[in-house]
1. Just give me the residues in the stretch 98-150 being modelled with pLDDT of 90 or more, under 18 Å from the mean Cα position of the chain (by Cα) and among the aromatic types (Phe, Trp, Tyr), in sequence order.
2. Can you run down the residue pairs with Cβ atoms below 8 Å, 6 or more apart or on separate chains, where the first is in the stretch 243-257 and closer than 22 Å to VAL182 by Cβ and the partner is among the β-branched types (Val, Ile, Thr) and surrounded by 13 or more Cβ atoms within 10 Å (Cβ to Cβ)?
3. Test SER297 against the stated conditions and say whether it is modelled with pLDDT of 95 or more, hydroxyl-bearing (Ser, Thr, Tyr) and touching a Pro at 6+ places or on another chain (Cβ under 7 Å).
4. Within the stretch 229-248, which residues are on the phi > 0 side of the Ramachandran plot and either in contact with a Ser or Thr (Cβ under 6 Å, 6 or more places away or on another chain) or polar (S, T, N, Q) (or both)?
5. Taking the options ALA29, ALA54, ALA66, ALA33, name whichever one is among the hydrophobic types (A, V, I, L, M, F, W, C), more than 30 Å from ALA288 (Cβ to Cβ) and free of Cβ contacts under 8 Å to residues at least 40 places away in the same chain.
6. Name the residue, out of ILE175, ILE241, that is over 18 Å from ALA115 (Cβ atoms), out of contact with any Cys (no Cβ under 6 Å at 6 or more places or on another chain), hydrophobic (A, V, I, L, M, F, W, C) and not in a strand (DSSP E or B).
7. Please work out if TYR237 is closer than 21 Å to THR48 by Cβ, hydroxyl-bearing (Ser, Thr, Tyr) and in contact (Cβ under 8 Å) with a residue 60 or more places away in the chain.
8. Does at least one position in the stretch 255-267 carry a residue that is out of contact with any His (no Cβ under 7 Å at 6 or more places or on another chain), crowded, with 19+ Cβ neighbours inside 10 Å and closer than 30 Å to TRP39 by Cβ?
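The values are calculated or read from the model by the stated rules, or taken from the named source; none is laboratory data. This is a predicted model, so every value here is computed, not measured. Counting neighbours? That spans all protein chains shown, and the Cβs are built from the backbone with ideal geometry, glycine included.
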Amino acid sequence: MSIKDKLAGSVLGFGTAPLGNMFRDIPEAEAAATVRAAWEHGIRYFDTAPFYGAGLAEIRLGQALAEHKRDDYVISTKVGRIVLDEIVTGPQEFGEKGTVFEHGRKNKVINDYSADATLRSIDDSLKRMGTDRLDIVWVHDIAQDFYGDEWLARFEEARTGAFRVLTRLRDEGVIKAWGLGVNRVEPVELTMDLQEARPDGFLLAGRYTLLDHERALQRVMPTAAKLGMEIVVGGPYSSGILAGGANFEYQPASAEIIAKVARIKAAAGRHGVSIKAAALQFSLANPAVAAVIPGASKPERIAEDRQALSASIPADFWHELREQGLVAPNAPLPGDGR
């Protein structure tokens, strides 16, 4: 059974990173209303992680879903980061992701991809969400500092720890699937080649978007399709810049990125196309993609995402993007028959 089958056909999911107070302090009522809006718009796949606000997103998601039957929705969360009881007195700093969750809970978060930490992380997530089971578990962010020694040690720890534990839990039926949840393509490429612990798919954030997709097209997408390892696309709006925001890769966008987005927006304007619709439909057009999971912290954003999914986009818009070199020549596009 593929990742898509495990998601019960839900091609539009909900990424809960914003519920962890990503970039801003979100009131409890607003967070709850956003999850409620997702449910009312038919979303049944929810992705979360201990990292999001040091457990805050998991807590809020669990509270919001408590009124629904557990069999009626799918949850994925992540392992690799442990939330401690220890409180951080200074700013929450997370390497390449900076202070993205500075408004979250102040619990210290550490990296640990060992077998024991994986089991502990799953148990902690179950308690925070108040649920009896998880459907999909992603190994989170082992790709940070990819070219340094720290990355190599982290990957080896995950290979001999988290990967093996999750394979066993899947084979025992405790979880339905596992894979990596990362924002770089390199660890996905390495993990697809493993023989002793085979993932079911990957959550690839920010690397198969309308703005940034060339590297993933080279090997990840075709190999994943060949092996039956489907991709869940996270961050389809590239940290928000494709949805009216100013960030790319969790930081203020560079002049080069801003200029590229302006060209995409100009083409969208000429064809009467919503850039949100273009972003979501572009990611879903690839046959290796099982679902796309934009994040949201306001109820009205959910309605926009749902409308974007079904919006009509003329073929001439996609042709113009290709002609301008704004999408890769080999990128599958909506309606082009690939």
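1. Selection gives TRP138 alone.
2. These pairs meet every condition: ALA243/ILE275; ASN247/ILE241; PHE248/ILE241; PHE248/ILE257; TYR250/VAL100; ALA253/ILE241; ALA253/VAL261; ILE257/ILE241.
3. Against the criterion (modelled with pLDDT of 95 or more, hydroxyl-bearing (Ser, Thr, Tyr) and touching a Pro at 6+ places or on another chain (Cβ under 7 Å)), SER297 does not qualify.
4. SER238, SER239 - these are the residues of the stretch 229-248 that are on the phi > 0 side of the Ramachandran plot and either in contact with a Ser or Thr (Cβ under 6 Å, 6 or more places away or on another chain) or polar (S, T, N, Q) (or both).
5. ALA29
6. Result of the check over ILE175, ILE241: ILE241.
7. So TYR237 does not fit the description; no.
8. Scanning the stretch 255-267, I find no residue that is out of contact with any His (no Cβ under 7 Å at 6 or more places or on another chain), crowded, with 19+ Cβ neighbours inside 10 Å and closer than 30 Å to TRP39 by Cβ, so the answer is no.
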